[in-house]
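Chemist: Mind having a look at this structure? Questions to follow.
The values are calculated or read from the model by the stated rules, or taken from the named source; none is laboratory data. In this text, all values refer to a predicted model and were calculated from it rather than measured experimentally. Neighbour counts are summed over all protein chains in view; Cβ atoms, including those assigned to glycine, are modelled from backbone coordinates with ideal geometry. Calculation scope for accessible area: heavy atoms of the full protein, side chains included, ligands and nucleic acids excluded. Shrake-Rupley method; radii C 1.70, N 1.55, O 1.52, S 1.80 Å.
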Amino acid sequence: MTRVAIVTGGTRGIGEAISVALRDAGMTVAANYAGNDERARDFTQRTGIAAYKWDVGDYDACQDGAARVAAELGPVDVLVNNAGITRDGTILKMTYQMWKEVMDTNLGGCFNMAKAVFPGMRDRKWGRIVNIGSINGQAGQYGQVNYAAAKSGIHGFTKALSQEGAKLGVTVNAIAPGYIDTDMVAAVPPEVLEKIVAKIPVGRLGQAQEIARGVAFLCSEEAGFVTGSTLSINGGQHMY
Ligand code: CAA
């Protein structure tokens, strides 16, 4: 049986690697994106994976987007809540807008997308939901009260929803990536990033594919007994 997966923020960075890994695992993948049409077109040309545009922070857009994927590709069995943004700054400089954008996208997006696909998973008695948290949701990070709060919320969301999904055949897990070599991490000031990398025991940034392999495992048929868990993939930077 070919499973259908939605990967939010699935055309760039960690999301791109996840989309490709799930496709390579035999799934039909819909890669959601919010803004960058050019990168999405390039992604589809390179990978052959369909890209769908909607804002995960918008509840109605998630309902419509998921319905469009189901109509075109089939019922959605797998959801990877990967879409995330940063608006870093110390609290003295952080505006309400910076707080709200991060909460709406990173945490609100998980709720909006789960609401869109969970009923179908319940009806078909099978589902896989993987939420991408962060080391900074586990440990906190200077300059990220918004992002750390949202990612920490994702870990709570995962544990709560896993309890609701367990008897329905729906597993819900999280991955907590450390610092991965993506555009998001490249935006950290170089002198700050250098200090962060110096604290990673394996001595380097992670690769997006190293996160994607974990996601592919959690989405597999064989992972049915794994639920409510958080897999940290961070080069030993934080042990939780
Ligand atoms: N601990 C203590 N002090 C720190 C600090 C830290 N970790 N980082 C910065 N500071 C201090 C600086 O030394 C500086 O002190 P002085 O004023 O005494 O010189 C002060 O904080 C900086 O204050 P600013 O007013 O310049 O701060 P700002 O509001 O402009 O914010 C910052 C700066 C955004 C925090 C910047 O340092 C930064 O980008 N830090 C990196 C944040 C980070 O790691 N983001 C992760 C992005 S990737 C990601 O999130 C993916 C993932 O899941 C891992």
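Chemist: For n ≥ 4 DSSP H runs only, could you compute -39500 (n - 2.57) per run for the chain, divide by its residues and tell me the 222 nm figure to the nearest 500? Could you put the intermediate results ahead of the total?
Modeler: Working: 10 runs with 111 residues, N = 240.
Roughly -14000 deg cm²/dmol at 222 nm, from the helical runs in the chain.
Chemist: With a Cα-only, solvent-free Debye model of the chain, what are the log10 I(q)/I(0) values at q = 0.10, 0.13 Å⁻¹?
Modeler: For the chain, the Cα-only Debye profile gives -0.42, -0.73.
Chemist: Follow-up. Using modelled amide H (1.01 Å from N, peptide plane; none on Pro or chain starts), what sits under 5 Å from the amide H of VAL170, excluding residues fewer than 5 places away?
Modeler: Those lying under 5 Å, H to H, from VAL170 are GLY127.
Chemist: May I pose another question? Need one value: the accessible area of SER229 in square angstrom, 1.4 angstrom probe, rounded to the nearest 10.
Modeler: 40
Chemist: Give the Kirkwood hydrodynamic radius (Å, one decimal) of the stretch 1-57, defined as one over the mean of 1/r across all pairs of different Cα atoms.
Modeler: 10.9
Chemist: What does the accessible area per residue of the chain come to in Å², with a 1.4 Å probe and no ligands, DNA or RNA counted?
Modeler: For the chain, the per-residue accessible area is 47 Å².
Chemist: Of the heavy-atom accessible surface of the chain (probe 1.4 angstrom), what whole percent is carbon and sulfur?
Modeler: 55
Chemist: For LYS53, give me every one of the aspartates and glutamates with a C-alpha distance below 15 angstrom, ignoring sequence neighbours fewer than eight places off in its own chain.
Modeler: GLU16, ASP37, GLU38, ASP42, ASP64, GLU72
Chemist: Which lysines, on any chain, are close to LYS151 with Cα under 18 Å apart, when same-chain ones fewer than 8 places away are left out?
Modeler: List returned: LYS100, LYS159.
Chemist: Given R₀ = 22 Å, what would the calculated FRET efficiency be for LEU168 paired with ALA67, taking r from the Cβ atoms and rounding to 0.05?
Modeler: Given R0 = 22 Å and the Cβ-Cβ separation, E is 0.60.
Chemist: Given the C-alpha atoms of the stretch 183-240, compute the convex hull and give its volume per residue in Å³.
Modeler: Convex hull volume per residue, Cα atoms: 101 Å³.
Chemist: Could I ask something else about it? For THR44, tell me the accessible area in Å² from a 1.4 Å probe, rounded to the nearest 10.
Modeler: For THR44, the solvent-accessible surface is approximately 50 Å².
Chemist: Can I ask one more? When only the heavy atoms of the protein chains count and the probe is 1.4 Å, how do LEU231, LEU22, LEU168 rank by accessible area, highest first?
Modeler: LEU231, LEU168, LEU22
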